[in-house]
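Trainee: Have a look at this one.
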Amino acid sequence: MSNPFPDDFLWGCATAAYQIEGSPLADGAGASIWQRFSHDPRLMAAKGDTGDVACDHYNRMADDVALMKRLGLKAYRFSVAWGRVLPDGIGQVNEAGLGFYERLVDTLLANGIEPLCTLYHWDLPAALDDRGGWLNRDSADWFADYGRVLFERLDGRVTKWVTLNEPWVVTDGGYLHGALAPGHRNVFEAPIASRNLMRAHGAAVKAYREIGKHEIGLVVNLEPKYPASDSPEDQAATARAAAYMNRQYLDPAIHGTNPAELADIFGDAWVDWSAEDLALAEQPIDFVGVNYYTRNVTKADDSFPVRAGMVVQPQATYTTTGWEVFGQGLTDVLLWVKDKYGDPAIYITENGAAFYDPPAASQGRVEDPLRAAYLREHITAVGKAIEQGARIKGYMLWSLFDNLEWSLGYSKRFGIVHVNFETQERTFKDSAKLYSEVIATNGACLG
């Protein structure tokens, strides 16, 4: 069988600023909501773990890019810490902070690695949170103005932009359940934050069309939902779960509509969007970024607010985050995006797995057979989607480094590069060596 990956397929890795950079307040940067959250023992599940040092990427950037080159990466997806560039979220640009990202982009390009830049990966400036954060309608203008700063400085050197990373996680974790920054637990806030995030996305895309000349898209986390049975209750729960997680942001971004199920899910907390808000959210984008980790076999239950739960699969492998390893779900969800949203260009912007790895490498090696098997299965699943007509343009593995896994701290390791957090020593895991071979052969080594 011929290799399904096109010659120009973009193989890369992904990270996020607060998870790897460290030095969050260096050189005039403003604090973020994650700086506050991680230092609050009432909120942080992994008490004492913060992004103060993380992978120290802020100070080790050049060496880290050299490591990327050794891996053979064709692309690197990173995010910008909004507060490094605009310490107050708006207003005066911090040239030292912006300069870090200019140097990163230039170093990537000098090493033959294409930069993919994400504007927002969850680290809202604390100064803007003090003004209501994503609950404030002005947030759309704040975000567009922030985007303009980066577009004007970096477009051309950066040719692939992402507005938001996983708005579902921002609202579900940050405003509904309180597990993530800013740590709110309010069903009335979640739909407001969702609407303002999508207004911000649309406003940033509009700003880019005035300035930029390349590609901009939206990244969503998708989790295919399979009903646990044929019962009407499980079928309805599956439809609610799919609307809540998979359609809540893509429907307004691409179709200019909201899933009807959201009114049922949120009840009195749901307010229909105005035609103006829907029109702002529905801006033409150049690609959809898909983050995929697992599936959900769904049953009806009393869980708030979706009334849908997960059925554990007894014979399956699960990662240390409790996610089932199920590569077929990636093929299925990519084909679903193709069919439901007009066959857009798609980048896999995150895909990976957390398994146990020791704190330190042993004799220069970290064996991680479960992660290597996960990558084989899921990259093969991407190839199957390409064979069935999905326009997949690239694959960004999550993650390049072990890092701060948000509220779970350093307890969950997703990296293909092991980080000893005591010494900052980097070691290629066996999965990194596999991925390097995948890149070098354009996927052909997987058979």
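The values are calculated or read from the model by the stated rules, or taken from the named source; none is laboratory data. Keep in mind that this is a model prediction, so the values were computed, not measured. Methodologically, a virtual Cβ is constructed for each residue, glycine included, from the backbone with ideal geometry; neighbour enumeration extends over all protein chains shown. These accessible areas exclude ligands, DNA and RNA; they are computed on the full protein's heavy atoms, side chains included. Shrake-Rupley method; radii C 1.70, N 1.55, O 1.52, S 1.80 Å.
Trainee: Return the residue satisfying two criteria in turn: it lies in region 344-367 and is of a type in the set (D, E, K, R) and not in a loop (DSSP other than H, G, I, E, B), and of such residues it is least open to solvent (accessible area, probe 1.4 Å).
Mentor: Out of the qualifying residues, it is E350.
Conditions tested, residue by residue: (1) touching a residue at least 40 places away in the same chain (Cβ under 8 Å); (2) open to solvent by 30 Å² or more (accessible area, probe 1.4 Å); (3) among the aliphatic types (A, V, I, L, M); (4) not in a helix (DSSP H, G or I).
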position: Q92; (1), (2), (3), (4): no, yes, no, yes
position: L98; (1), (2), (3), (4): yes, no, yes, no
position: T118; (1), (2), (3), (4): yes, no, no, yes
position: W122; (1), (2), (3), (4): yes, no, no, yes
position: A127; (1), (2), (3), (4): yes, yes, yes, no
position: A144; (1), (2), (3), (4): yes, no, yes, no
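Trainee: For region 252-304, give me each residue that is in a helix (DSSP H, G or I), of a type outside the set (D, E, K, R) and closer than 23 Å to Q235 by Cα.
Mentor: L262, A263, I265, F266, G267
Trainee: Next question, about the same structure. Collect the residues in region 5-38 that are surrounded by 15 or more Cβ atoms within 10 Å (Cβ to Cβ) and in a loop (DSSP other than H, G, I, E, B), keeping them in residue-number order.
Mentor: Passing the criteria: F5, F9, T15, A16, E21, G22, S23, P24, A29, G30, A31.
Trainee: Moving on. State whether one or more residues within region 215-235 are among the charged types (D, E, K, R), assigned to a strand (DSSP E or B), in contact with an Asp or Glu (Cβ under 6 Å, 6 or more places away or on another chain) and farther than 24 Å from R137 by Cβ.
Mentor: Taking every residue of region 215-235 in turn, at least one turns out to be among the charged types (D, E, K, R), assigned to a strand (DSSP E or B), in contact with an Asp or Glu (Cβ under 6 Å, 6 or more places away or on another chain) and farther than 24 Å from R137 by Cβ.
Trainee: If you don't mind, there's one more thing I want to ask. Of these, Y356, Y347, Y341, Y318, which one is of a type in the set (S, T, Y) and under 21 Å from H418 (Cβ atoms)?
Mentor: Y356
Trainee: Name the single residue, out of those in region 227-281 being hydroxyl-bearing (S, T, Y) and surrounded by fewer than 17 Cβ atoms within 10 Å (Cβ to Cβ), that is farthest from L164 (Cα to Cα).
Mentor: S231
Trainee: So for region 65-81 (the condition being in contact (Cβ under 8 Å) with a residue 40 or more places away in the chain, assigned to a loop (DSSP other than H, G, I, E, B) and over 21 Å from the mean Cα position of the chain (by Cα)), does at least one residue qualify?
Mentor: Yes, region 65-81 has at least one match.
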